[in-house]
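For reference, the structure is listed below as structure tokens.
Coordinate-derived values only; no laboratory data. None of the values given here were measured: they were computed from a predicted structure. Positions of Cβ are generated from backbone atoms using ideal geometry, with glycine treated the same way; all protein chains shown enter the neighbour counts.
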Amino acid sequence: MANGEPNTPQTTRTPFWYDPTVRSIGFQVLAALLIGWFFYTIFRNTLINLESRGISTGFDFLDNPAGFGILMSLVEYDETYSYGRTFVVGLLNTVLVSALGIFIATILGFLIGVARLSSNWLIAKMATVYVETLRNIPLLLQIFFWYFAVLRTLPSPRGSVNLGETFFLNNRGFYLPAPVFESGASVAGIALVLGIVLTAVLARWASRRFEETGRTFPVFYSGLGLVVGLPLIAFFAMGAPLTWDYPALKGFNFRGGVRVIPELMALLWALSLYTAAFIAEIVRAGILAVSHGQTEAARALGLREGPTLKLVIIPQALRVIIPPLTSQYLNLAKNSSLATAIGYPDLVSVFMGTTLNQTGQAVEIVAMTMAVYLTMSLSISMFMNWYNKRKALVER
Amino acid sequence: MPTFQPKPELPPPASAIGPINWLRTNLLSSPLNVGLTIVTLYVLYMVVPPVLNWAFFSADWFGEGQEACTSGGACWVFIGSRLDLFIYGFYPESEYWRIDTLFVLLAILFVPQFFQSFPYKALFGVLLLTVFPIIAAVLLLGGILGLPPVETGKWGGLTLTLVLAFVGIVAALPVGVLLALGRRSEMPVIRTLSIVFIELWRGVPLISVLFMASVMLPLFLPEGTNFNKLLRALIGIVMFQSAYMAEVIRGGLQAIPGGQIEAAKALGLSYWKSMALIVLPQALKLVIPGIVNTFIALFKDTTLVLIIGLFDVLASVQSAITDPAWRNVSTEGYVFAALSFWVFCFGMSRYSQKLERRLNTGHKR
């Protein structure tokens, strides 16, 4: 119609605003202009506001001394360190609680998910009650409960809950013995690394041999022997170069050992229990997604209970479980920012809280914090896409 | 001629029916299960009686103040005496009737949604989403029709939680639909903008969004603009949840075969009409569980506003238990708050399961 066919002159020309291409370009230009105007206004307003408040922009503030203490730090830190250092401290604390939380939540979640499918009525019902209760109560409330109602009401150090004179639990935290490595302990560490590397090599060799000849090799047990046995032999060969530093009550407080602060315990416990409820549902759905015919087919091939699970059910269930599982891990990491409500010094609490209040560099600090979380979530979703592609059902 | 006389059916053996069989198949089917049952029963025996005892049998239900709590069990007197704070926040006492009216109205409009045979269900549903918010805004804010104005800073407790959740839900769904459509659009600029928006909000924790809403929004606006704290929190919540909603709805859109859109085009429907009449009804129906899950998450996430200083249910409980007039009532307070959230969230998930079953027009075999 656009090239105007001569033999149909009476056809009314379509007005250009009905042309899909023109419309689409028009919409897009409009949207781009709107967004551009929006950001321009925000940018201008921010500059004006910052100027009127006397805040200079830029990242120079990161080198200034912070001047405030932080409750817990995995790296060396005191008031004399810079604001940049507070960022590192907060980031490491976030990573610590996320990693521990993911570990505990995975184990608990798998156990509870399997328990919900148990043939034992009592176990299945208890698992259901657990999931339906914890899933429907806000995480923040659970954190408050563990922190204010449980850990804060524990006795003072003098009346500690004493577990065999080695572990102590009181309102200042959880005290456990600290390992003290003496000379020669590094040999055991090297042996551990060696064991892991050897196991990896062994696993590759075994899977190649399996592909070629069909003969299996007990990779799990030999790997276990390598990873656990080698370091143990090295450890005892060096004369057991390890002693424990036990916590002991000195005056009003405990000395020695490792102290886990109650903020970390409450946060970790609440995060793990809450996320475990979601993981349990994912695991249950994943196992149910493998149709019963698969089990029957495996039995018909003569596989026993163990190999049926290992070779038929679990690989197929994992394909369904892994993607939502990674997004739960991501949720856990993001939820760890609730630490700020009970004062666990994580990235949001330290950097976006105290540092921001002291410096007033809102734009830079919010951008840095968000960049951390964005990097984390984008890299995990990239990994997930890669995994999905690898594990996706290959159909003809 | 002898006719065949079948003997009357014998009842099944006693071990294959009734409670004995149930016990055998459900609790004692294998040695492992016997062990698990015994251990579980022991754990239940250790946990349940003390908890019941604390919560009911030796609890104090009536009285005034800390003195009434003498029996060593739960002190429910505390909840009773602070119930006004937990429900109305700092709303002026003479104006409580406005909130009560809203609760009654909400119940009248919402409860019939659970009954399939109720004749005006659709009408009530539409009223709930259109007229009710206006009435609620008028009643809560006041300032017109002779109602004394109540500033949002005085809102609190369950009222504030419900306001946040309701506005969040009503606003996040349409924004989410638009974002999901934008992400699947053929226009590159619109698509890129939608993707950036969705991935940006999904990648950061809600706390940082709320922080940003409370710290950065004042910076973004022209000098002198004073922005309501509640409105700032609402903007943050809607932005955040609509991104999640968009991803859920996108899943539904992807499940609709392209033939549906082609058929709509063949009928001469415009883009918006084909979306509104053909694609979205099918897509939304597919993802009801996901949408309700997002609603539940939103409802639970409203507790986070206490970090930027709004006074929701959890914040009111938190402030009440630190009151020195009461000793050690934190567990009671948290149990109350947990119960109020649990009722709403569990109700929502049950409602979605019901809706899913009813809307399931798939071909069942």
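Summary of values
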item: Dipole in debye (nearest 20) - chain B, about Cα centre, beta carbon charges: Lys, Arg +1; Asp, Glu -1; result: 1680
item: R0 of 60 Å, Cβ-Cβ distance B:GLN260-B:ARG327: FRET efficiency to nearest 0.05; result: 0.40
item: All-pairs alpha carbon distance profile, chain B, 20 Å steps from 0, percent; result: 20, 45, 27, 7, 1, 0
item: DSSP beta bridge pairing in the protein assembly as shown, given as percent antiparallel to the nearest 5; result: 90
item: Of A:ASN49, A:ASN93, A:ASN253, the one that fluctuates the most in a GNM where chain A has Cα springs shorter than 10 Å; result: A:ASN49
item: Nearest-0.05 FRET efficiency for B:SER117 and A:ASN357, computed from C-beta distance (R0 60 Å); result: 0.55
item: Student exercise, the protein assembly as shown dipole from Lys, Arg, Asp, Glu Cβ charges, in Debye to nearest 20; result: 2560
item: The stretch A:141-187, Rg to Rh (Cα coordinates; Rh as Kirkwood inverse mean 1/r); result: 1.22
item: Contact order normalised by residue count of chain A, Cα under 8 Å, 6+ apart, percent; result: 21
item: The stretch B:348-358 - phi-based ³J(HN,Hα) in whole Hz, Karplus 6.51/-1.76/1.60, Gly and Pro as x; result: 4, 5, 5, 4, 5, 5, 5, 4, 4, 5, 6
item: 222 nm mean residue ellipticity, helices alone, for chain B (DSSP H n ≥ 4; -39,500 (n - 2.57); rounded to 500); result: -21000 deg cm²/dmol
item: Average projected area [Cα convex hull, the stretch B:245-365], square nanometres; result: 10.9
item: Lys, Arg +1 and Asp, Glu -1 on Cβ, resulting dipole of chain A about Cα centre, debye, nearest 20; result: 1120
item: Leading residue at positive end of dipole, the stretch A:23-83 (Cβ point charges), from A:ALA31, A:GLY54, A:PHE43; result: A:ALA31
item: Cα-Cα over 27 Å, subset of A:LYS310/A:LYS334; B:LYS121/B:LYS354; B:LYS265/B:LYS285; A:LYS334/B:LYS285; A:LYS310/B:LYS300; result: A:LYS310/A:LYS334; A:LYS334/B:LYS285; A:LYS310/B:LYS300
item: For chain B, built as a Gaussian network whose Cα springs stay under 10 Å, the top-fluctuating residue of B:ALA266, B:ALA136, B:ALA59; result: B:ALA266
item: Ratio Rg/Rh [Cα only; Rh per Kirkwood] for chain A; result: 1.09
item: Set of lysines near B:LYS229 by C-alpha distance (under 16 Å), chain-local residues within fewer than 8 positions excluded; result: B:LYS154
item: Translational D in µm²/s for the protein assembly as shown (Stokes-Einstein at 4 °C, 1.567 mPa s, Kirkwood Rh from C-alpha pairs); result: 42
item: Residue among B:ASN328, B:VAL204, A:VAL283 farthest towards the positive dipole end of the protein assembly as shown, charges placed on Cβ; result: A:VAL283
item: Aspartates and glutamates with Cα under 14 Å of B:LYS273, excluding same-chain neighbours fewer than 8 positions away; result: B:GLU262
item: Max mean-square fluctuation residue, GNM over chain A, Cα-Cα springs under 10 Å, options A:PHE210, A:PHE87, A:PHE145; result: A:PHE210
item: Charge-dipole axis of the protein assembly as shown as Lys and Arg at +1 and Asp and Glu at -1 on Cβ define it, positive-most pick from B:GLY251, A:LEU134, B:LEU52; result: B:GLY251
